[in-house]
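Encoded as structure tokens, the structure appears first; notes follow it.
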Amino acid sequence: MSPHSAHPCAPARPVKLECRSVWKLFGAGAPHYALDRPDAADSAALAEAGLVGAVRDVNLGVAEGEIFVIMGLSGSGKSTLVRCLSRLVEPTSGQILLNGENLLAANARRMIEIRRHHMGMVFQHFALLPHLTVLGNVAFPLEVQGVARAAREDRARAMIELVGLGGREMFFPRELSGGQQQRVGIARSLAVEPELWFLDEPFSALDPLIRREMQDEFIRLQSVLKKTIVFITHDFDEAIRLADRIAIMKDGKVVQIGTPEELVLAPADDYVAEFTRGVSRAKVVRAVSLMVPYPGEAEEAASGPTVAANAPVAEAAPLFAAGQAEVTVIDGSGQPLGILTRAAVVDVMMRG
């Protein structure tokens with residue numbers, strides 16, 4: 001999975017998708033509401049104007065290749081926001097930039113082109129076409145694009161293989177399990193080779209075991225594809241497994257953006273603290289945050305047990321079970337960065 005960004009609002013990698021003061025208001029007076037007033041985002045001011053603020057002055061940037069998770073309780077605005085990002089819901093105001101192009105200035109024809117060629121979408125409900133086979137469902141968006149049958153079926157077969165459904169090309173949706181149907185939905189969204197991938201609670205309808213399996217599959221796919229992903233969930237455990245960074249929403253506003261570690265260790269307010277209260281620190285504190293500098297030269301090969309820099313402490317802890325005093329922390333190329341000690345790990349585990 002891609003490395004965490006250094007700052008929650010300014011990704012180190014190039015920004016693929018950016019929101020600038022995005023609003024979505026519902027109500028008859030929405031077009032005339034003064035968004036520049038100091039209390040514009042306050043619930044009382046909106047209620048007085050007879051409006052509902054589904055998305056309120058959201059600013060964020062999603063880096064290229066990043067898994068950016070948006071989460072919040074039901075009604076927090078997370079699903080409305082992701083639909084604004086693709087203009088399936090029309091924002092009231094603001095700018096949404098994809099590769100620097102303001103999507104809110106694009107005409108209907110241009111938006112159709114962007115959705116067909118640059119965006120992939122997976123939703124909680126699989127929305128497979130029941131009269132089409134797995135192959136037909138996955139190839140369908142390419143058929144809409146006008147791709148020749150042989151080419152679209154070759155591409156569809158490759159995506160079906162990628163998500164682990166090889167051999168089931170001629171099955172119909174009714175002949176598949178829930179997890180398999182969701183894999184078809186994922187393969188279909190990938191068939192157009194999107195550069196930006198939206199997933200709105202894609203695993204929430206699955207039972208816990210299949211959900212865990214699909215999370216593992218998602219992590220594997222991202223390690224291969226390195227897509228820019230906006231992922232919606234209300235499950236913090238799911239978020240910390242998948243996310244590079246997380247935005248927590250409440251009442252249409254983004255309360256805090258940060259890595260899972262930042263949200264757990266430095267919550268912005270009581271709402272975020274309550275959201276993360278039950279999360280074990282060992283699941284989110286990374287080895288790189290606890291290590292001491294490596295005593296040798298950086299290019300030296302590490303000896304003994306090693307752990308990836310971004311691995312959580314919970315993943316590193318079993319390495320100390322056999323009496324090991326310290327473990328070498330390595331970067332993505334296997335070079336040693338520092339030393340993780342038993343004492344540091346025990347301290348985090350004891351604090352819960």
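Residues being closer than 19 Å to Tyr294 by Cβ and modelled with pLDDT under 85: count how many of those fall in region 314-329.
Taking region 314-329 first, the residues closer than 19 Å to Tyr294 by Cβ are 316, 319-320, 324-329.
Those still in the list that are modelled with pLDDT under 85 too: 324.
Final tally of qualifying residues: 1.
Condition first: surrounded by fewer than 18 Cβ atoms within 10 Å (Cβ to Cβ) and closer than 25 Å to Asp200 by Cβ. Now tell me which residues in region 137-154 satisfy that.
Phe140, Glu143, Val144, Gln145
Between residues in region 204-223 that are without any contact (Cβ under 8 Å) to a residue 60 or more places away in the chain and farther than 13 Å from Val122 by Cβ and residues that are small (Gly, Ala, Ser) and not in a helix (DSSP H, G or I), which pairs lie under 8 Å by C-beta distance while being six or more apart or on different chains?
Every condition considered, the pairs that remain are Ile210/Ser177; Arg211/Ser204.
Looking at this structure, is Gly338 more than 24 Å from the chain's Cα centre (by Cα) and either assigned to a helix (DSSP H, G or I) or loosely packed, with under 15 Cβ neighbours inside 10 Å (or both)?
On the way: more than 24 Å from the chain's Cα centre (by Cα): yes; either assigned to a helix (DSSP H, G or I) or loosely packed, with under 15 Cβ neighbours inside 10 Å (or both): no.
The answer is no for Gly338.
Return the only residue of Asp270, Asp347 being acidic (Asp, Glu), surrounded by fewer than 16 Cβ atoms within 10 Å (Cβ to Cβ), farther than 27 Å from Ala247 by Cβ and out of contact with any Cys (no Cβ under 6 Å at 6 or more places or on another chain). Talk me through it step by step, then tell me what you get.
Details: Asp270 fails: farther than 27 Å from Ala247 by Cβ.
Of the residues listed, the single one that is acidic (Asp, Glu), surrounded by fewer than 16 Cβ atoms within 10 Å (Cβ to Cβ), farther than 27 Å from Ala247 by Cβ and out of contact with any Cys (no Cβ under 6 Å at 6 or more places or on another chain) is Asp347.
Which one of Arg110, Arg87, Arg115 is out of contact with any Asp or Glu (no Cβ under 8 Å at 6 or more places or on another chain) and at positive phi?
Arg87 is the lone residue from the list that is out of contact with any Asp or Glu (no Cβ under 8 Å at 6 or more places or on another chain) and at positive phi.
Just need a number here: residues in region 58-73 that are in a strand (DSSP E or B) and in contact with a helix residue (DSSP H, G or I) (Cβ under 8 Å, 6 or more places away or on another chain).
As a first pass, look at region 58-73 and keep what is in a strand (DSSP E or B): 58-63, 67-71.
Right, trim to in contact with a helix residue (DSSP H, G or I) (Cβ under 8 Å, 6 or more places away or on another chain) and you get 58, 67, 69-71.
Here the count works out to 5.
Could you please let me know if Thr133 is crowded, with 16+ Cβ neighbours inside 10 Å, among the hydroxyl-bearing types (Ser, Thr, Tyr) and more than 26 Å from Ala205 (Cα to Cα)? Lay out the reasoning, then the answer.
Values: crowded, with 16+ Cβ neighbours inside 10 Å: yes; among the hydroxyl-bearing types (Ser, Thr, Tyr): yes; more than 26 Å from Ala205 (Cα to Cα): no.
For Thr133, the condition - crowded, with 16+ Cβ neighbours inside 10 Å, among the hydroxyl-bearing types (Ser, Thr, Tyr) and more than 26 Å from Ala205 (Cα to Cα) - is not met.
The values are calculated or read from the model by the stated rules, or taken from the named source; none is laboratory data. Because the structure is a prediction, the values reported are computed rather than measured. Because the Cβ atoms are built from the backbone with ideal geometry, glycine has one as well, and the counts that use them run over all protein chains shown.
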